Amino acid sequence: MARKAGMMKKFARPVKGLAAVSGALLVGALVAVPAVADDPSSAPTAAPSAAPSSAPTAAPSDDPSAAPSDDPSAAPSAAPSDDPSSAAPSASPITPPGGSCFSRERDVSSTVVDYGGAPLFETQFHAATDRLGHAFLNDSRGPGVWIDLGLVAGAPTCTQDTALSVTESDPGHLFITLLAGDGVIHQARCTISTAGALTPTNIATACAPGFTPLPGTPV
């Protein structure tokens, strides 16, 4: 029995040694697990985030044509100038032979055959000017018909005043006197008769040879 007890003691020592080694390994394993868990490098790498859905903004263009233009012609039109010289030119004055139109006033004159025994009794003639210096004649036998006296040869193109006189015979004469812009008086003698009124068609023939300046007109 003493021999068996000695043998049991011999076996107990290796068992105790093996248990101590196993306990040390277990403790080491338990300590290693938390250490591994706390190591940042051992954490799984996060999946990269998705690329932005919007396309990147295009870089500014180096094309000079895309840059704002410094050309003055591309700027908005300037406000209307107050400079009188930049305004639209007015109608140029009508220039008669030897003179210019200085007056824009209108003028009118008339005459009548007032002899009761005359064939053209109470026939009236009217002359008028416009603001451009044109002279017109009306024969009362042609209501509303105004004859441009520019149709008569030698007529001034800038008339400022008119005067009429008439004889009472048949055929008779109508004297048309026009004051031009240069101060020269022009006169024409026109034939009138009971054959018909003066019209734009016959005025040049009736007043031939046309207007002539009165000599020595004071200007």
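The values are calculated or read from the model by the stated rules, or taken from the named source; none is laboratory data. Just so you know, these numbers come straight off a predicted model, no measurement behind them. For neighbour counting, all protein chains shown are included, and Cβ atoms are generated from backbone atoms with ideal geometry for every residue, glycine included.
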Legend entry - Search result, residues across the stretch 174-195 that are closer than 18 Å to Ser140 by Cβ and surrounded by fewer than 17 Cβ atoms within 10 Å (Cβ to Cβ): Phe175, Thr191, Ser193, Thr194, Ala195
Inset, instruction - Taking only the stretch 110-152 into account, find how many residues are surrounded by fewer than 19 Cβ atoms within 10 Å (Cβ to Cβ), touching a strand residue (DSSP E or B) at 6+ places or on another chain (Cβ under 7 Å) and of a type in the set (Ser, Thr, Tyr). - result: 3
Inset, instruction - Mind listing whichever residues of the stretch 196-206 are touching a residue at least 12 places away in the same chain (Cβ under 8 Å) and either among the aliphatic types (A, V, I, L, M) or farther than 10 Å from Ile147 by Cβ (or both)? - result: Gly196, Ala197, Leu198, Ile203, Ala204, Ala206
Inset, instruction - With the condition kept exactly as written, say whether any residue in the stretch 116-124 is at pLDDT 95 or above, assigned to a strand (DSSP E or B) and more than 18 Å from Gly210 (Cα to Cα). - result: yes
